[in-house]
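Written out below as structure tokens is the structure these notes cover.
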Amino acid sequence: MTILMRQTDGRRLRLLTCHTTPPRIAAVSAPPAPAASGPASERLAARALAAIPGGVNSGARRFPGVDDVVIVSANGATFTDATGRSLVDYHAAYGPVILGHCDPDVGAAFMDAVSTVDLTGLGVTPYEIALAEKIQEHVPCAERVVLLCTGTEATFYAVRLARGVTGRRLLIKFQGCFHGGHDAVALNVISAADRVGTKDPLSTGILPEVIDATLVLPFNDLDAVRHAVAEHRGEVAAIILEPIPHNIGCVLPEQAFLEGLREVCDREGIVLIFDEVITGFRHGLGGYQAICGVTPDLASLGKAMANGFPIAALAGSADLMEQLSTVPGRPVMLAGTYNGHPGTAAAALATIEKMEREPVHDHIFRLGERVRTGLQSMFDRIGVEAYVTGLGSVWVSYFLSGPVRSYEDLLRNDADLYVGYRRRLVERGIFELPANLKRNHLSYAHTDAHVDELIDATEWAVLRELEQRGAR
Ligand SMILES: Cc1ncc(COP(=O)(O)O)c(C=O)c1O
């Protein structure tokens, strides 16, 4: 038999031919136990770097000031690294963690499911049926639902479905919105000022014709949309947007913009896709579409749907969704080995049921309001120009004069202060991702005491940062 092996004398992989019985697989070593000392943590980070490119499994997990972090446990509002340092977490893993880390009800539901049934690759399980029904019940556009694993897959299939059904080529997206890593949408998120207004791909390796087929427009600018659609009449398959562009913090949509998009799409036969991977479940069980009253044709869901377990969904109108190849003979191919995994489906059900049963949204919305008003009045008192904004459990403090309608306005943000104060917060035991325009999230595990501490520590961190610049 032929097996792929690593040479002992080098890093290259080589195909070796083995004519004897295949080697027994060595016992898998247990994950490293939590270590309390700096050198032990450094050794783990070094092992990560030697085995994983960059030492992390996503291009968005390593930032200056918090590189080489090895996380060993998480609980409620905090996580702990291998040096023994615990941080109050407002990053929430980019948004999924809405109930708090390692929620016992969600964990128990997962364990219960996977000790009952796992993957068979045939048919459907009761967990998947119940979860799809739950999404139907809450999300206005969800006449039909398919369960996937990631938000990237959800927007990928949404775009394929729109193109497959309309037979059209073009996609419209907005500067500042992020929809995952696939080629059609991986462009123009946090662009440098001189790239705004041009195509700004997030990666090399994307075919130019794919980039050409995505038009990028300014958010909240209905005239720009009308103009582009008129210029390409009959060619636009879909308009995709985060109804609130949270990938650049929080730019609130104008109601007339969302209603105008619906009207343009209806008139021109264009599929309207709301990417609710962040807004879904975090801002309410029905997502932002239930709040704004504009119902898209398709919606992608993920993140807060399962409190951190990897599951996502594509939901939409029956006439579109029934064109997926999950219906025999239908033309738009959709498949996935792990789709609707019973364990993650059970975790999602438990998350949603807890949000139905307990005052999760009341709690996180109330704390969010306290954070926003508390921070704004603190900044006003100390004389720092800041625009604190957000919705529900999400907030950001931009250092600029408001208001903010689109990404273009955010080019005025003082990025050094935005990132600098966040790096200093770590010294106070608080974690906000130290990256420009990234948002913060509250969970059900945060308390009023956390909010008081946050406002106090933010004042300290911003003042230290300004002092260091000689601005105080
Ligand atoms: C709005 C939005 N859509 C899609 C995605 C992609 O989701 P995933 O990382 O689960 O593939 C993200 C991820 O951050 C997102 O914020």
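Every number here is computed from the coordinates shown, using simple stated rules; none is lab data. Predicted model, so just to flag it, every value in this text is computed and none were measured. Cβ coordinates were reconstructed from backbone atoms using ideal geometry, including for glycine residues, and neighbour counts include every protein chain displayed.
Of note:
- Cα gyration tensor, region 360-468 - rounded (a/c under 1.5), prolate or oblate: oblate
- Here the label points at I291 and E209, each 7 Å from Cα along the C-beta direction, are separated by 4.1 nm in the simple model.
- Each peptide in 432-440, 316-324, 47-55 gets a packing score, the mean of other Cβ atoms within 10 Å over its residues, and the list from highest to lowest is 432-440, 316-324, 47-55.
- The string of couplings for region 139-147 from the Karplus curve (6.51, -1.76, 1.60, θ = phi - 60°) is 9, x, 7, 7, 6, 9, 9, 10, 9 Hz, one whole number per residue in order, with x for Gly and Pro.
- At full extension, V114 and R366 could sit 87.2 nm farther apart than now, given 0.36 nm per residue minus the alpha carbon distance.
- Net +/- balance of residues flanking D452 in space, Cβ distance below 15 Å, scoring K and R +1, D and E -1: -1
- Subset of K173/K354; K199/K438; K199/K303; K134/K438 violating a 25 Å alpha-carbon distance limit: K173/K354; K199/K303; K134/K438
- Square roots of five times the Cα gyration tensor eigenvalues for region 52-116, Å: 25, 15, 12
- Taking the inverse of the mean 1/r over every pair of distinct Cα atoms in region 339-424 gives a Kirkwood hydrodynamic radius of 15.5 Å.
- The chain shape via C-alpha gyration tensor axes, a/c threshold 1.5: rounded
- Counting only DSSP beta bridges with both residues in the chain, the antiparallel share comes to about 60 percent.
- Neighbour counts of other Cβ atoms within 10 Å put M305, M111 in the fewest-to-most order M111, M305.
- Site pair Q255 and H227 shows an inter-label distance of 2.7 nm when each label is modelled 7 Å from Cα along Cα→Cβ.
- Phi-based couplings in Hz for region 199-205 (Karplus 6.51, -1.76, 1.60; Gly and Pro marked x): 6, 10, x, 7, 8, 7, x
- Highest-first packing order for the peptide set 112-123, 58-69 is 58-69, 112-123, based on the mean count of other beta carbon atoms within 10 Å.
- Panel order for E259, E209, by other beta carbons found within 10 Å of each beta carbon, from fewest to most: E209, E259.
- Sorting the segments 156-162, 413-419 by their mean number of nearby beta carbons within 10 angstrom, highest to lowest, gives 156-162, 413-419.
- Each label point was placed 7 Å from the Cα along the Cα-to-Cβ direction; for A415 and L400 their separation is 1.2 nm.
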